[in-house]
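The values are calculated or read from the model by the stated rules, or taken from the named source; none is laboratory data. Bear in mind that the values here come from a model prediction, so they are computed numbers and not experimental data. All Cβ positions, even for glycine, are placed from backbone atoms using ideal geometry, and neighbour counts span all protein chains on display.
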């Protein structure tokens with residue numbers, strides 16, 4: 001629920017800004033992108049994996065700063081803030097792979113027979 005509320009609020013602000021600036025052609029793509037990013041954040045939270053949740057939330061924050069800075073108003077130090085949250089999110093999402101059980105699949109894929 002908090003993701004839906006957050007997405008609605010930020011999406012509404014961006015759409016209003018697009019209307020004010022006459023960039024109405026971007027409204028549908030922006031709504032689509034906000035929806036996809038919101039679903040990604042919700043999926044991360046629903047995973048129950050703290051590392052994935054952290055990465056997902058940081059990614060939502062990164063994209064929110066980027067969108068606000070581009071469509072609504074300038075944010076001081078937006079460049080470093082975007083990059084810091086973006087790369088941190090990528091680190092956490094990638095690091096979360098270590099905590100996923102492999103169920104021995106890697107051993108099943110191993111083939112000792114040489115290729116002829």
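Figures for the structure shown
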| quantity | calculated |
| --- | --- |
| Members of the stretch 67-87 that are touching a helix residue (DSSP H, G or I) at 6+ places or on another chain (Cβ under 7 Å), within 17 Å of residue 26 (Cβ to Cβ) and surrounded by fewer than 18 Cβ atoms within 10 Å (Cβ to Cβ) | 69, 72 |
| Given (1) more than 30 Å from residue 17 (Cα to Cα); (2) in a loop (DSSP other than H, G, I, E, B); (3) modelled with pLDDT of 60 or more, index of the condition residue 97 fails | (2) |
| Subset of the stretch 19-35 (residues that are in a helix (DSSP H, G or I), within 12 Å of residue 70 (Cβ to Cβ) and over 22 Å from the mean Cα position of the chain (by Cα)) | 21 |
| In the stretch 48-63, the residues that are in contact (Cβ under 8 Å) with a residue 12 or more places away in the chain, over 17 Å from residue 1 (Cβ atoms) and either in a helix (DSSP H, G or I) or out of contact with any helix residue (DSSP H, G or I) (no Cβ under 6 Å at 6 or more places or on another chain) (or both) | 51, 52, 54, 55, 58, 59, 61, 62, 63 |
| Residue in the stretch 64-75 that is within 17 Å of residue 2 (Cα to Cα) and either within 13 Å of the chain's Cα centre (by Cα) or outside any helix (DSSP H, G or I) (or both) present | yes |
